[in-house]
Amino acid sequence: MLLDLKVAIHQPMYLPYPGFFHKLSQVDIFVIMDDVQYDKRFTNRNKILDPQGPTNLTIPINKKHKFFPNMIVEINNDLPWGTYHWKKMQMCYANSRFFGIYRHYFENLYKKRWDLLFELDLETVKILMEWLGIKIPIIRESELNVSGDSTERLINVCKKVGAEAYLSGRGGRNYINEKLFERNSIRLFYQQYFPIPYSQKFTKEFWPDLSVVDMIFNLGEQSRELILESGSISLVEENSPITLPTPE
């Protein structure tokens, strides 16, 4: 049976890249890891495109919190990061075809005071999922009271939410214990995501893996279709991957 209840388990991200949303489009439940240690690689930053090329939008955090669980990491609001992010977004995308549709939301987002990084990440992921037509429940991992490291933790989450299958990103092949999934009768899938070029501002060269807002501001509602076309998932079973088509 290939219609198992699938779950994706992922750290929070700030304005994630399109591949993140491709993964969510393939599952039935998204568990967001609010109770694991903050990771500065993506939890508080992502890239957009300006005239010089990709540039980071970074949310400053309280430096004393860099080893804290995601759900209690505070934003350093002594720095005017919201004003900067909004001005930068306007500078880069004001003339993009679909920016006007989303302008009001982001203007209000950056006017609001956000104290916890996780709450900002969760809010923006929810609205981006809505815009991309991804209608699945989000569960905070802290609500599940799970323990364990690496693969054991993933399996414990799957069991808690009643998932028969787990969808990992491609990088999971480097650390996941596939045999442990097999022993626990949980089907393991890997995501394959290869971004399809689309027209971007300021460049003839395509820059992949920017924040999904770059795609949304340039393509609008067509973003969902492009994201779905850019990937597939494969089932690991007896060391023989089976590629499954992306659902419409």
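Coordinate-derived values only; no laboratory data. Since we're looking at a predicted model, the values are computed, not measured. Backbone-built Cβ (ideal geometry, glycine too); neighbour counts: all protein chains shown.
A few points about this structure:
- Ordering 50-57, 80-87 by mean Cβ neighbour count within 10 Å, with the highest value first, yields 80-87, 50-57.
- Equivalent ellipsoid of the chain: semi-axes from √(5λ) of the C-alpha gyration tensor, largest first, are 31, 23, 14 Å.
- Over the stretch 1-76, the Kirkwood radius and the radius of gyration, each from Cα atoms, give a ratio Rg/Rh of 1.07.
- Estimated from helical segments only, the mean residue ellipticity of the chain at 222 nm is -10000 deg cm²/dmol, where each DSSP H run of four or more residues counts as -39500 (n - 2.57).
- Two-site FRET efficiency, residue 50 against residue 185, from Cβ-Cβ distance with R₀ of 41 Å, rounded to 0.05: 0.25
- Spin-label proximity, residue 177 to the stretch 1-43 - amide N less than 16 Å from point 7 Å beyond Cα toward beta carbon: none
- Antiparallel DSSP beta bridges within the chain, percent to nearest 5: 60 percent
- Residue pairs, from the table 159/179; 23/204; 111/160; 66/126; 6/66; 47/111, whose Cα atoms sit over 26 Å apart: 23/204; 111/160; 6/66
- Karplus-derived 3J(HN,Hα), 6.51/-1.76/1.60, for each residue of the stretch 51-57, Hz, glycine and proline x: x, 8, x, x, 9, 7, 9
- Projected label distance in nm at residue 126 and residue 5, using a 7 Å step from Cα toward the beta-carbon: 2.2 nm
- Phi-derived couplings, Karplus 6.51 cos²θ - 1.76 cosθ + 1.60 at θ = phi - 60°, listed residue by residue for the stretch 105-115: 4, 5, 4, 5, 4, 7, 7, 6, 7, 10, 9 Hz, with x used for Gly and Pro.
- Charge dipole of the stretch 1-154 about the Cα centre (unit charges at C-beta), most positive-ward option of 54, 91, 146: 91
- Karplus-derived 3J(HN,Hα) values for the stretch 11-16, using 6.51 cos²θ - 1.76 cosθ + 1.60 with θ = phi - 60°, are 5, x, 9, 8, 6, x Hz; glycine and proline are entered as x.
- Relative to the Cα centre, the charge distribution of the stretch 1-153, modelled as +1 at Lys and Arg Cβ and -1 at Asp and Glu Cβ, gives a dipole magnitude of about 700 debye.
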